[in-house]
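Dumping the structure here so I can ask a few things about it.
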Amino acid sequence: MANAERPPGKNFNDQLYDLLFKNYLWQSIFRTGYPNTPRNQMLVVATNVFLHLHPTRIHRTHVKITHTYCLGGLSFFMFLGLTVTGVLLMFYYVPSVERAYADIQALETNVRFGLLLRNLHRWMAHAMIILVLLHMMRVFYTGAYKPPREFNWVVGVILFVLTLLLSFTGYLLPWDQLAFWAITVGTTMIGSAPVLGDESKFLLLGGFEVGSNALIRFYTLHVIGLPLIISIFMAVHFWRVRRDGGLARPL
Amino acid sequence: MVSQVLTAVRARPRREREEEVLVWPDLVFIEFISAIIFTIALLVLSAFINAPLLDRADPNTTPNPSKAPWYFLNLQELLLHMEPAWAGVIVPTIALILLGAIPYWDRSNAGQGKWFASKDSIKITVWAFCIASLLTIWLILYDGAKHVEWTEDIIRGTGLNSDFTWPTWLDWARNLRGLDTGINWDDLSFSLGGFTIFQDWRAIPLGIPGTTTDPWLLNLNFPSFLSQQVVPVATMVGLPLLLVGFTKRKLGWIHSRRDIALLVFTGFIAVFIVTTAVGQFFRGQGQELRPPWDIVVVEE
């Protein structure tokens, strides 16, 4: 009705909208206007590299918080946060037995927001493990592993193990008593494997005891090796969520 | 023409379309808000609670108790009750394989995408969680010889026998290792037709004479094998089976493989939580059971 009565020519809001979202620069970046119409809302999801992990439409039961509690997405968000804080931590940390502990002390005392940075990284790591576990429980109790999503459940189990390994390898890096003895206890368990126990332990530690070789191995695995592997599995995991028909839904 | 329409209809039924919402804004905004809530919560947490940093690592000074990171304390807890190879490697490997195998065993897609869809699933979940937690706590207390301590305390407390100690003939029931150390295995060798069988229970030759002698494999230490391997493994396999059988026959709640999966998975979660919590909060010096306020770390 209002439209019918509107005189020809654009009002201020329309002019502002055109100025902001229909200019050459905006369109070169986003292709669509601001997502204020269903068409643009679908286009923005379909054309944006970050949003295109999503479908353009989703069943209404799946946007209810109580269906998923956002647990999978939050696990991924923790991974992103850990990557950001982790990269910043790498500026201040040298993985050598001589320097590691002093670097952490210096980070906590001399670097602005250094303590906060380290705290965030640690609590996010714990949060990620808890979120991944809760996500697994959510998927189980909603029966979302059932066909055709069997394989994605397996990928999820692998991601759970990789999450634990990422946390475990990071645990040694501060090179304090907590780190050293926790890794000693952990790797002794690995060493008790019946067939290749001692060999696996030696491979992981680069020696018979936790020392400088172990530190550099754990560091390398923590900052590049395992993140690469988990990224690949996450890509498969998210891809398969879409390919297997989105979130599970009653038949 | 008609067939084209039919395929189109089959591909995306109209009714289903109406049940759908747009991802922008309905999902993207929820994700955005939850990410912001978590960012703020973690920032607040990090502002108030500092990540631990103890003294510099010193291989010559062992903290007692030494603990693995919290998410491995469940395995460290198992380590106290069985052969390290089982606790540290074999059990977690099998658990992960079984976990991954759930969808290949429970193949029906009935009830997917709905919380607790099957008929008695909530009953099964609550029951499995409670019974598995209680059994795990009971097993941990038993292996910690708490029943010995408490029986002694109670009998002494009644005044009937103020010097009461656990009878030696019940030493085998002190804890799991009691099966090994609480029984005089040397008395148990017996003869059959003049031929002594198992003269030494602690070195039963399993190998072919003249070949290499791996002391663990070829000369079986039966008492240790029994208490550190047979009984723990039988417990870990047997209790879930008994639980499934009891829930099916006596309670009548099991109607499908999904229900069995629910029961065992919930039991697994319960054991995971209980063993992690016991490892984190109730293990003091020498990995003795202690209340949380009584746990002091000393460096030796």
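For the range A:161-192, give me each residue that is at the interface with chain B (Cβ under 9 Å from one of its Cβ atoms) and either without any contact (Cβ under 8 Å) to a residue 12 or more places away in the chain or among the small types (Gly, Ala, Ser) (or both).
Those that are at the interface with chain B (Cβ under 9 Å from one of its Cβ atoms) and either without any contact (Cβ under 8 Å) to a residue 12 or more places away in the chain or among the small types (Gly, Ala, Ser) (or both): A:Val161, A:Ser167, A:Gln177, A:Leu178, A:Ala179, A:Trp181, A:Ala182, A:Val185, A:Gly186, A:Met189, A:Gly191, A:Ser192.
Something else: Would you check which residues across the range A:45-61 are in a loop (DSSP other than H, G, I, E, B) and hydroxyl-bearing (Ser, Thr, Tyr) and list them?
Within the range A:45-61, A:Thr56 is the sole residue that qualifies.
OK, next. For A:Asp198, state whether it is charged (D, E, K, R) and under 16 Å from B:Asp55 (Cβ atoms).
No: the conditions fail for A:Asp198.
Identify all residues within the range A:180-192 that are more than 16 Å from B:Pro59 (Cα to Cα) and either modelled with pLDDT of 90 or more or assigned to a helix (DSSP H, G or I) (or both); write none if there are none. I'd like the intermediate steps shown before the answer.
Of the residues in the range A:180-192, the ones more than 16 Å from B:Pro59 (Cα to Cα) are A:189-192.
The answer is A:Met189, A:Ile190, A:Gly191.
Is one or more of the residues making up the range B:53-61 surrounded by fewer than 18 Cβ atoms within 10 Å (Cβ to Cβ), among the aliphatic types (A, V, I, L, M) and free of Cβ contacts under 8 Å to residues at least 40 places away in the same chain?
Yes, some residue in the range B:53-61 is surrounded by fewer than 18 Cβ atoms within 10 Å (Cβ to Cβ), among the aliphatic types (A, V, I, L, M) and free of Cβ contacts under 8 Å to residues at least 40 places away in the same chain.
Further question: From the residues in the range A:15-40 that are in a helix (DSSP H, G or I) and in contact (Cβ under 8 Å) with a residue 12 or more places away in the chain, which one is surrounded by the fewest Cβ atoms within 10 Å (Cβ to Cβ)?
So the residue we want is A:Leu20.
Restricting the search to the range A:154-167, which residues are buried (at least 22 other Cβ atoms within 10 Å of the Cβ) and out of contact with any His (no Cβ under 9 Å at 6 or more places or on another chain)?
A:Thr163
Going by what's in this entry, would B:Gly88 be described as assigned to a helix (DSSP H, G or I), modelled with pLDDT under 95 and not basic (Lys, Arg)?
yes
Could you list, in sequence order, all residues of the range A:193-251 that are surrounded by fewer than 19 Cβ atoms within 10 Å (Cβ to Cβ), of a type in the set (Phe, Trp, Tyr), part of a helix (DSSP H, G or I) and within 14 Å of another protein chain (Cβ to nearest Cβ)?
A:Phe233, A:Phe238
Step by step: first the residues of the range A:132-144, then only those that are hydrophobic (A, V, I, L, M, F, W, C) and more than 9 Å from chain B (Cβ to nearest Cβ), then the one that is surrounded by the most Cβ atoms within 10 Å (Cβ to Cβ). Which residue is that?
So the first thing to find is which residues in the range A:132-144 are hydrophobic (A, V, I, L, M, F, W, C), and the list is A:132-134, A:136-137, A:139-140, A:144.
If we keep only those that are more than 9 Å from chain B (Cβ to nearest Cβ) as well, we get A:132, A:134, A:139.
On the way: A:Val132: 24, A:Leu134: 15, A:Val139: 20.
The residue in question is A:Val132.
Out of A:Leu80, A:Leu88, I need the residue that is surrounded by 13 or more Cβ atoms within 10 Å (Cβ to Cβ), in a helix (DSSP H, G or I) and either within 23 Å of the chain's Cα centre (by Cα) or in the same structural domain as A:Arg138 (by TED's automatic domain parsing) (or both). Which one?
After applying the criteria, what remains is A:Leu88.
Just give me the residues in the range A:98-120 being surrounded by 15 or more Cβ atoms within 10 Å (Cβ to Cβ) and more than 8 Å from every other protein chain (Cβ to nearest Cβ), in sequence order.
Correct list: A:Ala100, A:Asp103, A:Leu107, A:Val111, A:Gly114, A:Leu117.
The values are calculated or read from the model by the stated rules, or taken from the named source; none is laboratory data. All figures in this text were calculated on a predicted structure; none of them were measured in a lab. Neighbour counts are summed over all protein chains in view; Cβ atoms, including those assigned to glycine, are modelled from backbone coordinates with ideal geometry.
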